[in-house]
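The values are calculated or read from the model by the stated rules, or taken from the named source; none is laboratory data. Being a predicted model, the structure only gives us computed values, none of them experimental. Cβ placement follows ideal geometry from the backbone for every residue including glycine, while neighbour counts extend to all protein chains displayed. Please note that ligands, DNA and RNA were not included when accessible areas were found on the heavy atoms of the full protein model with its side chains. Shrake-Rupley method; radii C 1.70, N 1.55, O 1.52, S 1.80 Å.
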Amino acid sequence: MATTAAVADAPTAVAAEAAVLPPRPADASLGSANRAPAPSPDEPPAGRLSTARAVGITGVAMAAMLLSGGGQQALSVALAIIQADLGFTESSLAWISAAFSLTNGCFLLLAGRLADVLGRKKMLLAGLAWYSVWTLVGSFMQSPAGLVVTRALAGMGSAMSIPSAIGVLASSFSGRQRAVAFACFSAGAPLGGGSGIVVGGLLAAYSSHTWRASLWVFTGLSAAAGATAWLVVPADRPTSADKRIDWIGAALVTLGLVFVQFAVSDGQGAPDGWKTGYIIALLIVGVLSIVAFFFWERHVIAQTSRPPLMRLALWTRARGKLAAVYFIGFVSWMGFVSLFYYTTLFYQQVQMTGSIGAMLRFLPTTVSGIICNIVVAKLVHRVPTQWLIVVGIAATGTANIFLAVSKRDELYWRYPFNAMWLAVLGADFLMATGMIFVSVLALPEEQSVAGALFQTLVQLGGAFGLAVTSVIEAAYQTSALARGEDSVDALLSGLHAAFYLAAGCSFAALLIAAVALRGLGTVTSAGDRTEEKESADDEGASEGGASGTASARSVDDKVET
């Protein structure tokens, strides 16, 4: 909690500096009627929260991230027990994790827009409550279908709570306080992964209720987070006078993402693999739906007075650097998620460590992840964002290489241990700095949806990474078996190929970051002036409206002054 406590201790000069910054212009495409009304005077403004309230808000946001990954990891370390208990087939076992990821990734964008329109606190509470209910219900399931369905429904709760938490942090903090708050938020991911592995491993080994007890633990944590949020998160402030939702756009993008992610997740295990008819059909329909979504949003912006689900100007903010951060998140997560999935197989099925042994070997990731987010909070206002992202992604790529050269009887302290603490640097450096960058460039009324877009692309990147690496892993494993190698050595051959491909994804993301993020600078309260200037320039240019151009000029004048 050292990092969390630091939120309330940020220098007061930062708040004073933020107070004189020029306000962000309203989006010209929406007109003056849709601009946010002034906040209620009885609500605590950003930068003036009490210490207890600031810590509480940050802790709730961290909990939203922790719950998303914690429940997944708790079940992952108990997959063998779940398979024996409920009768899962080998091919359907992966859907315990995939079902949660499917709904969590595909409903983020719609949930982010609902949070911006209906209220972030309301959506945060609804998401935590929904997660609690379906996690609890899932613990009593007696069939594979029942568990998979409840995990999918729990994923929808996480999809509601994460973008809402992003919006709450962005509207509650500014300057260095915001940097520390988002670093804490990102720390929820390694904390969730570590706590899930520990809780799941211990309960699987020592509790008579095994994996069911793990779900009870995360149900309780979610309920506690919801109660805390109800007490400490400030009441919702209106961010837009127009409460209409672009339901056509929401349907197009959500169904498109569901179809694509389902096809990608199920492609390898389908009856005829990627040649299966329904896999091809879902991919085609899904891609067409996503393309249609962009054309529809362009129509809504240009031809109607309705607010879009997602402003297309998000992709041009900061001269395209925001889009670059989105794409880097997608590509880097291809290597990051694959690393953790195949490392679990390496420990349990190659080195035969068992669930407890695997749990202990993953612990350095949690410690390293927490340290990374503390480092980000300290350095994000001093070190250029590009360097933080490049160094982090390089570390994840190196971790994949270490695992790719690890032998069947490899000493843990040689390569695997170093891979564990290096692996999370890419995810934590990118997630923390990326979320801060997104919050700086997003307008007040789109904070949740802008953060949700980043999270959506990250989730899709992970799914695509697993799909691609699984094809390579299966091909190399089959080839090794054909050469007469035993099953364990054949599996190791496939894992090595998957690790090399994951390393390639990481280094590809590194190359993109090195080229596309040149000159990005730091993300601080002092840098907000530059970022707001770029944002206004891009809004005016992309929307092409006279009011947008005027707003840009106004901000330019104030910045120069």
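Size estimate for the stretch 414-529 follows the Kirkwood approach: the inverse of mean 1/r over distinct Cα pairs works out to 17.1 Å. Per the Debye formula on identical point scatterers at the alpha carbon atoms of the stretch 324-482, with no solvent, log10 I(q)/I(0) at q = 0.08, 0.14, 0.19 Å⁻¹ is -0.27, -0.75, -1.21.
With the highest mean first, a sort of the peptides 416-426, 210-220 on other beta-carbon atoms found within 10 angstrom per residue produces 416-426, 210-220. Subtracting the Cα-Cα distance of Arg382 and Ala516 from their residue separation scaled by 0.36 nm leaves 46.2 nm. Centre-to-centre separation between the Cα atoms of the stretch 416-476 and those of the stretch 256-280: 22 Å. Within the stretch 281-305, whose backbone N sits under 17 Å from a point 7 Å along Cα→Cβ of Leu255? Within reach of a label on Leu255: 281-297. The three principal axes of the Cα atoms in the stretch 132-206 give end-to-end lengths of 49, 26, 13 Å, sorted in falling order. A 26 angstrom limit on the alpha carbon distance is what I want to check against. Which of Lys122/Lys243; Lys321/Lys378; Lys275/Lys407 exceed it? Result: Lys275/Lys407 exceed 26 Å.
Taking the stretch 269-301 and a reference point 7 angstrom along Cα→Cβ of Arg244, the backbone N atoms nearer than 13 Å belong to 300-301. The length gained on full extension between Ala224 and Lys275, counted as 0.36 nm times the residue separation minus their Cα-Cα distance, comes to 13.7 nm. What whole-number distance in Å separates the alpha-carbon centres of the stretch 96-117 and the stretch 145-222? About 14 Å separates the Cα centre of the stretch 96-117 from the one of the stretch 145-222. The Cα atoms of the stretch 192-313 give a gyration tensor whose axes a ≥ b ≥ c have a/c of 1.5 or more with a/b no greater than b/c, which makes the shape oblate.
Gain on full extension, evaluated as 0.36 nm per residue between Ser208 and Asp489 minus their Cα-Cα distance, stands at 97.8 nm.
If you sort the three axes of the alpha carbon gyration tensor as a ≥ b ≥ c, you get a/c of 1.5 or more for the stretch 54-102 and a/b above b/c, which makes it prolate. Eigenvalues of the alpha-carbon gyration tensor of the stretch 48-157, scaled by 5 and square-rooted, set the equivalent ellipsoid semi-axes at 30, 15, 11 angstrom, largest first.
Rounded to the nearest 10 square angstrom, Asp266 shows an accessible area of 20 square angstrom against a 1.4 Å probe.
Protein-only accessible surface at a 1.4 angstrom probe places the residues Leu388, Leu252 in the order Leu252, Leu388, largest first. Once the gyration tensor of the Cα atoms in the stretch 76-219 is diagonalised, the equivalent ellipsoid follows with semi-axes of 30, 17, 12 Å, ordered largest first.
Extending 7 Å from the Cα toward the beta-carbon at both Val285 and Phe417 defines two label points whose distance is 5.2 nm. Once the 1.4 Å probe is applied to the protein heavy atoms, the stretch 164-296 comes out at 39 Å² accessible per residue.
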